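Take a look at the structure set out below.
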Amino acid sequence: MNLNTTIPAINLEGLKKRITKLNKRATKLGLEPITLTEGSRHIGKCYHSGTSTPFPTELVAVTISGDVPVVEGYELIGVTGHEAGVNIVKLNIGGKMPKSHWDNENNCDHCGYKRKRKETYVLKAEGNDGYMLRVGKSCLKDFFRNPNAITYGASLAGFFDSFGDEFGFLPTLPEAYPVRLFLAMTNAVVEKNGFMSRRRHYAGGEVTTRNRVVESFKCLSSERLIAELTDAHYAAADDAITWGKDLKHSDNEYLHNLGCVVEYDIATTAHLGLLASLPDAHRREKKRLEDEVDAAKCEWVGMVDHPITLSVMVEGVKPFNGHYGGGIMYRFRDFSGNVLIWFKSGRALPNINTGTTMTLSGTVKKHDTFNGRAQTLVKRCKLS
C-alpha cells in the first residue's frame, strides 16, 4: 500500500511517532517496516477537526509505503465487527473483501462455532483458487503459528484507512495557530505598521499587532498576506523561535513564558498576545547585544576645553527641555564609531537631518558615559 498526500506540518511529529510504534511491532515480528518520505512544504488551508471553516497553515507532502503481510499462506483482506447484533465492515483492504462477507454472521470457519465475538477476520488463501474463510479473533492463535502478524496487518490497514481522519486535520483545539506561520505574519505586519503592544493600545494606540495578525488569519486578506511573506520573514521567525526556546529557564517571568509558548508548534488564542511580542523582544535583545559591542568600541574624542574639527554623520536629532529653556540635541558619530553629543539651545538648524554627513567644528565640553558607552559632549559648534 502506498499513500501520497499532504498533511498539516504540525501533525508530522505525531505521524512519525505512530509509524515508529507500528515499526517496532513489525521488527519484533520479522516483517518489513513502513517507510515515510517527507516532501516539499507550502502554505495552504486546512480544517480543524469537526469544523467547516478553512484555516491557513503550513502543509507538508508525505509518501507512506507499507504492505499487509501474507502469513503462512493467507492474506488478510478484511475485518467485520459484531456489536449489538449488527454486522459492520470495519476494514475492507484494497476493496478485496467481496460483498458476500460484509454481512456474515459471527461464525468462525476454524472452530465451527457461532458465538458472541467482537471481530471476525476474513482471510484469502494464496494460489489460483484463492478460497476465503472467516476466523474469529480468539481463534487466530490456534489457526496461525504467528497470529500477531495478522493483527499487526489489521493495525497497519487501519492506519492507512483512517489516515485522513487522524492526520489530515488540524488539532481540535480552540483555534490552534501554527507558531512559525504566525510569527512570519507578525514580522510582515510589524514591517508595515510597527509593533503595537496591548499596553500602548490601551493608552490610545492603534490596533495591537496580535489582533492584526489574528484578523489576517480569519479574513480573505490572509491569502494575500501569506503570498507576500518572504524568506526573510520566515528566517526571522526561525531565529526568534530558536532564541525563545532558550528562555524557558529564565528568571524573568515574561521571558520564561515566551520560552514555554514557543516550545510547541501550535499556540492557542490565549497565548497569541505573548507570541506576537516575541519578534519585538528578540529585536530588542539583538540591539542590546549590538549596543554592548558598540559601547566597547566607543572612545572619547579630543581633550576637554580644546577645539576639535572632524567629519561626522548625524545619527539623531531630538528636541529637549531644560532648566534654562529648550533646544535640540544632536547626536553624531565620527568615522571611528565614536559618539558626540551637542545640546544646542534655541531652534533647530536647517537641513540637518539623520544620515547627513558633515564637518563639525567645536569645543570639547565633557567626557561622559551613558549606558556604558563613552560619549563626548561638545559646545559652540559649527556644522558645514
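The values are calculated or read from the model by the stated rules, or taken from the named source; none is laboratory data. Note that this is a predicted model, so its numbers are computed, not measured. All Cβ positions, glycine included, derive from the backbone under ideal geometry; neighbour counts span all protein chains shown.
Side notes on the structure shown:
- The number of residues in segment 250-265 that are part of a loop (DSSP other than H, G, I, E, B) and either farther than 18 Å from T186 by Cβ or not hydrophobic (A, V, I, L, M, F, W, C) (or both) comes to 6.
- Within segment 168-202, the set of residues being part of a loop (DSSP other than H, G, I, E, B), modelled with pLDDT of 70 or more and loosely packed, with under 14 Cβ neighbours inside 10 Å comprises G194 only.
- Taking segment 73-96 as the range and being free of Cβ contacts under 8 Å to residues at least 24 places away in the same chain and either touching a helix residue (DSSP H, G or I) at 6+ places or on another chain (Cβ under 6 Å) or not small (G, A, S) (or both) as the test, the residues that pass are V86, N87, I88, V89, N92.
- Checking the stated criteria, C46 turns out to be crowded, with 19+ Cβ neighbours inside 10 Å and farther than 18 Å from C139 by Cβ.
- When the test is whether a residue is in contact with a Pro (Cβ under 7 Å, 6 or more places away or on another chain) and over 30 Å from A240 (Cβ atoms), G326 passes it.
- In the condition set (1) in contact (Cβ under 8 Å) with a residue 24 or more places away in the chain; (2) crowded, with 17+ Cβ neighbours inside 10 Å, I328 is compliant with all but (1).
- Considering residues of segment 203-227 that are more than 18 Å from A281 (Cα to Cα) and in contact with a Ser or Thr (Cβ under 7 Å, 6 or more places away or on another chain) only, the residue modelled with the lowest pLDDT: S222
- Among the residues listed as K45, K90, K17, the single one being of a type outside the set (A, V, I, L, M) and over 22 Å from the mean Cα position of the chain (by Cα): K90
- Close pairs from segment 275-290: first in the same structural domain as N252 (by TED's automatic domain parsing), partner of a type in the set (D, E, K, R) and surrounded by fewer than 18 Cβ atoms within 10 Å (Cβ to Cβ), Cβ under 8 Å, at least 6 apart: H282/D239
- Residues that are in contact (Cβ under 8 Å) with a residue 60 or more places away in the chain and either within 19 Å of K297 (Cβ to Cβ) or surrounded by fewer than 11 Cβ atoms within 10 Å (Cβ to Cβ) (or both), drawn from segment 353-384: H367, N371, G372, R373, A374, Q375, T376
- Filter pass, T53 being hydroxyl-bearing (S, T, Y) and modelled with pLDDT under 90: yes
- Total residues in segment 105-122 satisfying the condition of being loosely packed, with under 14 Cβ neighbours inside 10 Å and modelled with pLDDT under 80: the figure is 5.
- Scan of segment 123-150 for residues that are buried (at least 19 other Cβ atoms within 10 Å of the Cβ) and in a helix (DSSP H, G or I), ordered by number: C139, L140, F143, P147, A149, I150
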